[in-house]
Amino acid sequence: MSASPLQPRSLDQNKTDSASDAEIKRSFWRYAIPSIAAMLVSGLYQIIDGIFVGHYVGVEGLAGINMAWPITFVVSGLGLMVGMGGGSLISMKRGEEDKGAVQKAFNVSFFLIIVLAILSTAGMSLWGADLLRVQGGDGITFELGFDYVNVFASATIVTIMAAAIPMLVRNDESPNVATALMILGALLNIVLDYVFIGLWQWQLEGAALATIIAQLTVCIVGIGYFLSKYSSLKFDRSVMMIDPRMATKIISLGASSLVMYVYTSFVFALHNRLFMQYGTSVTVGAFAIVGYIMTVYYLVAEGIAEGMQPPVSYYFGAQQFENIKKMLLMSIKVTVMAGVGSIVILNLMPDLMIRLFTSDNPELIAEAKNGIHLHLFAMFLDGIIVLASVYFMAIGKGAKALAISVGNMLIQLPFLYFLPQWLGVNGIWLALPLSNIALFVIVAPLVWHDIKQRENVALVNSLS
């Protein structure tokens, strides 16, 4: 097992000493690189599905999977909630050197996975078809989307566990193992997509089966890791002895991650509905392509944020406030550079990504290009908003993290209501970037104020 982000010298020193910039960079990249790689690989589940569906099923398939995706994405969000909430608590308790609480947080996380899987299976079985119809799904688009949702409904525990386990592994101070798990799942998903969709023509049902089998493999290998000598966290009988307070703490810390997924699902579903109202299934297909493209950057930003979380939670538990500031500023810098670079490349060479999903539909290609220009010009701000939410989660301020996530969803509603009435389809494309600008103006001062507050606490502690 690898070392902590910074090896503690003594608890008193930890509370006053700050790491050098070189130490912070090493700690940041040690967690960020595996985390970014893991998130990009995890995103391949959806992106590879989209590539095969776009080429082998066509525009109706893209529209169908884009309507199914918001439903299945929420299930993944439940897993991320447990993984991020439980992982944050594990790292904080490790920073406090409370080994008993570290093990208990791990056990409670797995209990929550089982409970949430039961609830989500019931929900998808009861309301899956209705959630597709409310987005405007009908005819072949509905049938294809329902095939996809139906497979996921029968295996929600696999999806939830596959999202949570890499987060827990990472907070067991094994970021490379977490990344290897995600790479294994993604590679298997690519192979199975080719077999099920390309060779056997199973369409969206095949895409869903490929994803579930890949996720199941991640679960099996991940559980094997926790049963091995390499893990400091072990399964024991107390896994079924729920601690309500700790379960509540895990949910509160991870709730912002779930809300971010719910927000993404809700916004995608609402966009689907509006694009069907003001456009056609081709417009929804173009939105699917633009969504896949944006997902690549979003996963990088989320990977940076999740890579920042274990060190920041550790520093918070050890009261190393100056190190928290350095780690956050480093994360912001990398997030903005990645976002701005992505925007420049996409606007200069939009065909580079679009033709991964389609090559023989000029109308679809033209609409996807329009979407890239209008929908993605401020996407680096979305990365900063994700970073802010995870930052507050990492320092135990779950309420603020949740408020940012909820605000991210609510602030888009007036833009999505008014802009389509004024600008039609272009108004729908513009709603996200304009709402991101508005939310950034609110969130940036909140983070800055929290940082300054911690600097003052650190100054008082150094003088006392």
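Any read-out appearing in this document is the output of simple, stated calculations on the displayed coordinates, not a laboratory observation. Computed from a prediction, not measured in an experiment: that's the story for all the values here. Note that each Cβ is placed from the backbone with ideal geometry, even for glycine, and that neighbours are counted across all protein chains shown.
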Report summary line: Excluding residues fewer than 8 positions from Lys325 in its own chain, the aspartates and glutamates with Cα under 14 Å of it are Asp17, Asp21, Glu23, Asp450, Glu455
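If a/c stays under 1.5 just call it rounded; otherwise compare a/b with b/c (prolate if a/b is bigger, oblate if not). Do that for segment 196-355, with a ≥ b ≥ c from the square roots of the Cα gyration tensor eigenvalues.
On the way: a/c = 1.97, a/b = 1.34, b/c = 1.48.
In terms of gyration-tensor shape, oblate.
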Query - segment 65-170, dipole about Cα centre (Lys/Arg Cβ +1, Asp/Glu Cβ -1), debye to the nearest 20 - result: 440 debye
Report task. Put one equal scatterer on each alpha carbon of segment 127-168, apply the Debye formula with no solvent term, and list log10 I(q)/I(0) at q = 0.16, 0.25, 0.29, 0.34 1/Å to two decimals. Result -> -0.50, -0.79, -0.91, -1.08
Report summary line: Using eta = 0.692 mPa s and T = 37 °C, Stokes-Einstein with Kirkwood Rh from Cα pairs puts D for segment 66-150, in µm² s⁻¹, at 223 µm²/s
**Report entry** Cα centre as origin, Lys/Arg/Asp/Glu Cβ charges: the chain dipole, Debye
**Finding:** 1340 debye
Report summary line: Computed over the chain: longest principal axis from alpha-carbon atoms vs helix 425-463 long axis, angle to nearest 10 degrees, is 0 degrees
Query raised in the report: Hey, what number do you get for the chain at 222 nm if only DSSP H runs of n ≥ 4 count, each worth -39500 (n - 2.57), divided across all residues, to the nearest 500?
Result: -29000 deg cm²/dmol
Report task. Report, in degrees rounded to the nearest 10, the 0 to 90 angle that the Cα long axis of helix 99-134 makes with the longest principal axis of the chain. Result -> 20 degrees
Query raised in the report: Pairing the Cα long axis of helix 156-171 with the longest principal axis of the chain, what angle in degrees results, from 0 to 90 and rounded to the nearest 10?
Result: 40 degrees
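For the pairs Lys333/Lys397; Lys25/Lys369; Lys333/Lys452; Lys99/Lys397; Lys234/Lys333; Lys25/Lys452, flag any whose C-alpha to C-alpha distance is greater than 30 Å.
Working: Lys333/Lys397 23 Å; Lys25/Lys369 37 Å; Lys333/Lys452 18 Å; Lys99/Lys397 22 Å; Lys234/Lys333 37 Å; Lys25/Lys452 21 Å.
Distance filter (> 30 Å) returns Lys25/Lys369; Lys234/Lys333.
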Query - HN-Hα J in Hz across segment 243-258 - Karplus 6.51, -1.76, 1.60, θ = phi - 60°, x for Gly and Pro - result: 9, x, 5, 6, 4, 5, 5, 4, 5, 5, 5, x, 4, 5, 5, 4
Query - Cα centre as origin, Lys/Arg/Asp/Glu Cβ charges: segment 322-464 dipole, Debye - result: 580 debye
**Report entry** Listed residues Val218, Val177, Phe142: farthest to the positive end of the dipole of segment 79-218 (Cβ charges)
**Finding:** Val177
Query raised in the report: So how far apart, in nm, are the two label points at Arg26 and His449 if each is 7 Å from Cα heading toward Cβ?
Result: 3.7 nm
**Report entry** Dipole-positive endmost among Leu434, Leu44, Val115 within the chain (Cβ charges, Cα centre)
**Finding:** Val115
Report summary line: Per its Cα gyration tensor (rounded if a/c is under 1.5, else prolate when a/b beats b/c, else oblate), segment 94-247 is best filed as oblate
